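Below: the structure, in structure tokens.
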Amino acid sequence: MGASSYSVRPLDESTWPAFAALVERNNGIFGGCWCMGFHPEGVGQDTTAELNRDRKLARVCAGTAHAALVFHGGECLGWCQFGTPGELPRIKSRAAYEKGQTAPPDWRIACCYVGKGHRRQGVAAAALAGALDLIAALGGGTVEGYPENADSVPAGFLYNGALSTYEKLGFLRNRKIGKHRWVVTKLVTPESA
């Protein structure tokens, strides 16, 4: 299986079953997060995997959860979550981030996830590229991500993605906000009508 055999589709009600199947195959993602950790509701001791699932589905139905899902055939292999700062206000290294912030981005890349058995096969790069395409279709703008150096963290814990993947897709380092974490930015041109 290679990157050329992948397709990317947006997370919506029609792709929810494939997304949910991937999450369920991977134990709810990080203990039942369901990719809710960056949304305003967040995750923690007061939430359960079931509550996170219900909240994610409600956001998908309301159009306030965005992700580029990577498929091979009918199977969802991974995703790249993106959204406006209002949709995704919770980011790691917040204090360091705010110290150097000059202007808010139009879009944030939050969670990048690849299911077990499909890592290091180009899924993350396809998901990030797909997110940029979907952002272009939604009007483009400044996109920010918060990746880490891949050498410093095991692949299964690179939930913001690998710095090298972002750089290959044209993101530029803006500033360091943690021992291994960066703010990277890219201007995405709106898709022409």
What are the residue pairs meeting all of these: first residue in segment 51-79, first residue within 16 Å of Glu24 (Cβ to Cβ), second residue among the basic types (Lys, Arg) and surrounded by fewer than 19 Cβ atoms within 10 Å (Cβ to Cβ), Cβ atoms under 9 Å, and 6 or more apart or on different chains? Leu69/Arg9; Cys76/Arg9; Gly78/Arg119
What pairs can you find where one residue is in segment 131-148 and in contact (Cβ under 8 Å) with a residue 12 or more places away in the chain and of a type outside the set (Asp, Glu), the other is assigned to a loop (DSSP other than H, G, I, E, B) and crowded, with 23+ Cβ neighbours inside 10 Å, and their Cβ atoms are less than 7 Å apart, with a gap of 6+ or different chains? Gly145/Asn160; Gly145/Gly161; Gly145/Phe171; Tyr146/Asn160; Pro147/Asn160; Pro147/Gly161
So for segment 177-192 (the condition being closer than 21 Å to Leu11 by Cβ, out of contact with any strand residue (DSSP E or B) (no Cβ under 8 Å at 6 or more places or on another chain) and at pLDDT below 90), does at least one residue qualify? yes
Just to be sure, is Thr102 hydroxyl-bearing (Ser, Thr, Tyr), over 15 Å from the mean Cα position of the chain (by Cα) and closer than 19 Å to Gly86 by Cα? yes
May I ask you to list pairs of residues, at least six apart or on different chains, whose Cβ atoms are under 9 Å apart, with the first in segment 6-24 being basic (Lys, Arg) and the second being outside any loop (DSSP other than H, G, I, E, B)? Arg9/Ala18; Arg9/Ala68; Arg9/Leu69; Arg9/Val70; Arg9/Phe71; Arg9/Cys76; Arg9/Gly130
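Might you let me know whether segment 136-154 holds any residue that is within 17 Å of Cys76 (Cβ to Cβ), surrounded by fewer than 15 Cβ atoms within 10 Å (Cβ to Cβ) and modelled with pLDDT under 95? If you could, list the steps in order and put the result at the bottom.
Initially, segment 136-154 is screened for residues within 17 Å of Cys76 (Cβ to Cβ), giving none.
Within segment 136-154 (the criterion being within 17 Å of Cys76 (Cβ to Cβ), surrounded by fewer than 15 Cβ atoms within 10 Å (Cβ to Cβ) and modelled with pLDDT under 95), the answer is no, since none of the residues qualifies.
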Of Ala103, Ala96, which residue is of a type outside the set (Val, Ile, Thr) and not in a loop (DSSP other than H, G, I, E, B)? Ala96
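Rundown of residues vs (1) farther than 18 Å from Ala131 by Cα; (2) among the aliphatic types (A, V, I, L, M); (3) touching a Ser or Thr at 6+ places or on another chain (Cβ under 8 Å), yes/no style:
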{"residue": "Thr15", "(1), (2), (3)": "no, no, no"}
{"residue": "Ala49", "(1), (2), (3)": "yes, yes, no"}
{"residue": "Asn52", "(1), (2), (3)": "yes, no, no"}
{"residue": "Ala67", "(1), (2), (3)": "no, yes, no"}
{"residue": "His72", "(1), (2), (3)": "no, no, yes"}
{"residue": "Cys80", "(1), (2), (3)": "no, no, no"}
{"residue": "Pro85", "(1), (2), (3)": "no, no, no"}
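So that you can scan it fast, the table gives a plain yes or no per residue for (1) surrounded by fewer than 18 Cβ atoms within 10 Å (Cβ to Cβ); (2) basic (Lys, Arg); (3) on the phi > 0 side of the Ramachandran plot:
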site	(1), (2), (3)
Met36	no, no, no
Gly74	yes, no, no
Arg90	yes, yes, no
Lys99	yes, yes, no
From (1) in a loop (DSSP other than H, G, I, E, B); (2) under 16 Å from the mean Cα position of the chain (by Cα), pick out the condition that doesn't hold for Asn27. (2)
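The values are calculated or read from the model by the stated rules, or taken from the named source; none is laboratory data. Quick caveat: nothing in here was measured; it's all calculated off a predicted structure. Here Cβ is always computed from backbone atoms with ideal geometry, including for glycine, and neighbour counts include all displayed protein chains.
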